[in-house]
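In what follows, a structure is listed as structure tokens, so that the remarks can point back to it.
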Amino acid sequence: MAVQLFVPNFRVDECLEGIRECLEKGWTGLGFKTIQFEDSWKEYTGLPHAHFLSSNTVGLHLAFHMMKAKYGWSDDAEVITTPLTFVSTNHAILEAKLTPVFADVDESLCLDPVDVEKKITDKTKALIFVGLGGNTGQYDKVLKLCKDRGIKVVLDAAHMSGTRVDGKHIGHDADVTVFSFQAVKNLATADSGMICFADAEDDAHARKLTWLGINKDTYARTASQGAYKWMYDVEELGFKYHGNSIMAAIGLVSLKYLDRDNAYRRQLAAWYQEGLEEDELIRIVQVAPGCESSRHLFQVRVAKRDEVLMALNENEIYPGVHYRDNTEYKLYSFGAGTCPVAHEISKELISLPMHMGVTKQDVDFIVSKLKEIVRISVDS
């Protein structure tokens, strides 16, 4: 049987029960379920604010859009970022008409504070840190660099639902943290996200901006039951970025099982680690010390990666690659050559299957085939 990289694990009956409640109440948009999910997320993470969105991507754009306006940044203001991420991270910077500056990564695949410091200029206004695979890398050092220099920190926590350090959920020390609940993430819906500002005023402002700049959302107007439910003001140009109750209903179910599912992911990672750590031809991407990772990904580095992937596919094993060096894309080619470590690592990366349907037997089979294929590829 084929082993896929990701297979979503929905508790279908529980999800349908929540969705049925939305349908029966005739309220499927922004409303009672989105509020319930926001409250549950704040309770789970300990973060003071949470606003449910249609995706992580819109959250990243919103973060930069709001910061630019709030602090009066010009279009040539720079945001330090990583080339080893999904393109939405860097698209968000461009969409806000800011300038991405690529800094290199370390062995954790997260931003290297040494190179970050080299890339800071008088134009540097913000930095986005991507917790790739749920890993925190050297986030604490990068954060200190930014705090000492007054640089705003956006944490792209798309892979980090359930990641903790010293028992504390990540996100409490960033200016804004954005999570993803896309279909194959650890906390899965069809697609949605959560933006968590440190500042209460930013959270309140975001709620207006995500509903087209309207100062009172439909649910709030309906709940008031007044004669002027249609009466609202449009105070500024906004977006339609808010989440909906159908996605929130699914998210609430996924949240119930998040810690249990992440514990199983860490068990899968431990089995992979045990099977591969003695192989000198396969380099395991290690989790940072003290990081209780969500383990969205388990990644290894191998020579002749593309050949290895093809051979694994022939054995019905379907891993992934996270990610291609963004500076190889035409849009970001201006950064080519600025991050040599990320460029080389991106040619070697393989993400092994990590989901609730993967068994110990599957891991043993994948480990055995990977070792065999890598050795053959090196000897050939």
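The values are calculated or read from the model by the stated rules, or taken from the named source; none is laboratory data. If you're wondering where the values come from, they're calculated on a predicted model, not measured in any experiment. Note that each Cβ is placed from the backbone with ideal geometry, even for glycine, and that neighbours are counted across all protein chains shown.
So the values come out like this:
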{"quantity": "Residue check for Tyr332: aromatic (Phe, Trp, Tyr), more than 16 Å from Leu268 (Cα to Cα), touching a residue at least 40 places away in the same chain (Cβ under 8 Å) and not in a helix (DSSP H, G or I)", "calculated": "no"}
{"quantity": "Selected residue (criterion: nearest to Phe181 (Cα to Cα)) from residues of the range 287-317 that are surrounded by fewer than 15 Cβ atoms within 10 Å (Cβ to Cβ) and in contact (Cβ under 8 Å) with a residue 24 or more places away in the chain", "calculated": "Gly290"}
{"quantity": "Residues within the range 152-176 that are surrounded by 22 or more Cβ atoms within 10 Å (Cβ to Cβ) and either of a type in the set (A, V, I, L, M) or part of a loop (DSSP other than H, G, I, E, B) (or both), tallied", "calculated": "13"}
{"quantity": "Residue that is nearest to Asp362 (Cα to Cα), among those in the range 228-251 that are surrounded by fewer than 19 Cβ atoms within 10 Å (Cβ to Cβ) and of a type in the set (A, V, I, L, M)", "calculated": "Leu237"}
{"quantity": "Some residue of the range 66-73 being aromatic (Phe, Trp, Tyr), within 25 Å of Ile345 (Cα to Cα) and surrounded by fewer than 22 Cβ atoms within 10 Å (Cβ to Cβ)", "calculated": "no"}
{"quantity": "Close pairs (6 angstrom Cβ cut-off, 6 or more residues apart or separate chains): in contact (Cβ under 8 Å) with a residue 24 or more places away in the chain in the range 165-184, in a loop (DSSP other than H, G, I, E, B) and among the small types (Gly, Ala, Ser) anywhere", "calculated": "Val165/Gly290; His169/Gly46; Asp175/Ala198; Thr177/Gly171; Phe179/Ser161; Ser180/Ala158; Phe181/Ser192; Ala183/Ala190"}
{"quantity": "Qualifying residue in the range 311-318 (condition: of a type in the set (A, V, I, L, M), outside the structural domain of Leu132 (by TED's automatic domain parsing) and over 27 Å from the mean Cα position of the chain (by Cα))", "calculated": "yes"}
{"quantity": "Unique residue being β-branched (Val, Ile, Thr), over 22 Å from Leu132 (Cβ atoms) and touching a residue at least 60 places away in the same chain (Cβ under 8 Å) when the list is Thr82, Thr34, Thr57", "calculated": "Thr34"}
{"quantity": "Hits in the range 259-280 - residues which are buried (at least 19 other Cβ atoms within 10 Å of the Cβ) and touching a Phe, Trp or Tyr at 6+ places or on another chain (Cβ under 9 Å)", "calculated": "Arg265, Leu268, Ala269, Tyr272"}
{"quantity": "Hey, Arg260 on the phi < 0 side of the Ramachandran plot, under 19 Å from the mean Cα position of the chain (by Cα) and in a helix (DSSP H, G or I) or not", "calculated": "no"}
